[in-house]
Amino acid sequence: MTGTGSLRRALPLAALIVLLAAAPGYAFDDTGLPPSGGKGSGDSSGNLEAIAQGYRLTYPTGRPSGASRPLASVNVNWTPPPCWFGPKYTPEQFKAEYTKNFNDELPQVHGTFRTAMGMDRDHYQNGLDYPGGDKGYKDFNSAEAGKGMWWLVTVNPDADPSAQMGCNDQTPRWVPNGQMPPAGTGHVITPEMLSRLAFAHTRVPGVKIVTNPAGPQTVNIPTWVTLRQVYTPVKVRASVDLGGGREIWAETTAEPSAVHITPGTSDAIVFPSSGDCPIGPDGKVGAAYNGDPKAAPPCGVTYLRSTQNTPPYQLDVSVNWQVSWTGSNGGSYALPDGRVGDPREVTVREIQTINN
């Protein structure tokens, strides 16, 4: 969904809000999102995409690369915020976007809805006050340019549509530099929200399994497993500039905590017996075969039954990450653990013997 389409769709809803509640506004806006559902064309770090969504991402450590993988939460119920209310437009930008979408939408509505849309425009353009003390603005508050920003709701393009519907109750508001909206304003961006957005943008090394011996494995002979990647902490910082030298921010830290090996069958022995392969001080996992056929690998598996009459086994090595965050609100907090894995098929053969 494009941002223009969202704002156009929201204007008739604003008319309904005005008619029913004598209050201004349209339901939500994602006009700052890049086209094609928010998949921006920024660099590999995603900075341009994040800036378009009203916050900025930086990577103090672990900048993403083409081989990086999204960090999936182990908590299936965990989600990033469906929307957030934050600084979005200068007066000039808001005026241009609002006017364009108003003119595009107006010919499609009639009667009381058309009247209400006119009231909404007059609130932002001609100073029309609404009951309840919501003062109108002159020319989209152009006289205050540089002294604040228009705050709007941005919808997370990856959120569930049902969760997005809960974002339809906050109208645009002018907020002076360095300040937050008044108490009671809905969906206001917080450090906790930013921590979840940072988590959602965390990219960690994938899992590339290397076995020794390579190719098919052999019953009762240890398979030594190493991973090509190096696993070290990854930090992601999400921030919002409030102007006036003030910002709110959150920084997440994902630390590799365990590498778990699952052989794909109960007819196997894993090394170590817990199945948790140690991560070395250098971030490496596993070791190459040392030439001793009796040695136990630091990370590996011995298969006890061949796959001659069964499909290949699914050897799965997954990396667990512990995630925490700190923010401009002070303190340190936990987020759900994350996990990345990449199963591979393993064929196991019997030891062949030759009788003389």
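Filter the range 184-200 down to the residues that are within 12 Å of Glu251 (Cβ to Cβ) and not aliphatic (A, V, I, L, M) and list them by number.
Pro191, Ser195, Phe199, listed by residue number.
Taking into account only those residues within the range 291-342 that are without any contact (Cβ under 8 Å) to a residue 60 or more places away in the chain, among the charged types (D, E, K, R) and assigned to a loop (DSSP other than H, G, I, E, B), which is most open to solvent (accessible area, probe 1.4 Å)?
Lys294
What residue, among those in the range 251-290 that are aliphatic (A, V, I, L, M) and in a loop (DSSP other than H, G, I, E, B), is surrounded by the most Cβ atoms within 10 Å (Cβ to Cβ)?
Ala287
Considering only the range 161-250, give the strands (runs of 3 or more DSSP E) lying wholly within it that have at least 1 residues that are touching a strand residue (DSSP E or B) at 6+ places or on another chain (Cβ under 8 Å) and within 30 Å of Trp321 (Cα to Cα).
203-205, 209-212, 223-227, 234-243
Applying the selection to the range 144-170, what residues are of a type outside the set (Ser, Thr, Tyr), within 12 Å of Thr79 (Cβ to Cβ) and out of contact with any Cys (no Cβ under 9 Å at 6 or more places or on another chain)?
Scanning the range 144-170 gives Asp158, Asp160.
Looking only at residues that are surrounded by fewer than 18 Cβ atoms within 10 Å (Cβ to Cβ) and more than 25 Å from Asn329 (Cα to Cα) in the range 165-182, which one is modelled with the lowest pLDDT?
Only one residue tops the list, namely Asn168.
If the Cβ limit is 6 Å and pairs must be 6+ apart or interchain, which residue in the range 171-185 that is under 22 Å from Tyr130 (Cα atoms) pairs with which residue that is crowded, with 16+ Cβ neighbours inside 10 Å and of a type in the set (S, T, N, Q)?
Trp174/Asn141
When you go through (1) under 32 Å from the mean Cα position of the chain (by Cα); (2) open to solvent by 80 Å² or more (accessible area, probe 1.4 Å) one by one for Glu97, which number turns out not to apply?
So the condition that Glu97 fails would be (2).
The values are calculated or read from the model by the stated rules, or taken from the named source; none is laboratory data. Quantities reported herein were computed from a predicted structural model and do not represent experimental measurements. Here the Cβ is made from the backbone with ideal geometry for all residues, glycine too, and neighbour counts use every protein chain on show. Areas reflect the complete protein model, heavy atoms only, side chains present, ligands, DNA and RNA absent. Shrake-Rupley method; radii C 1.70, N 1.55, O 1.52, S 1.80 Å.
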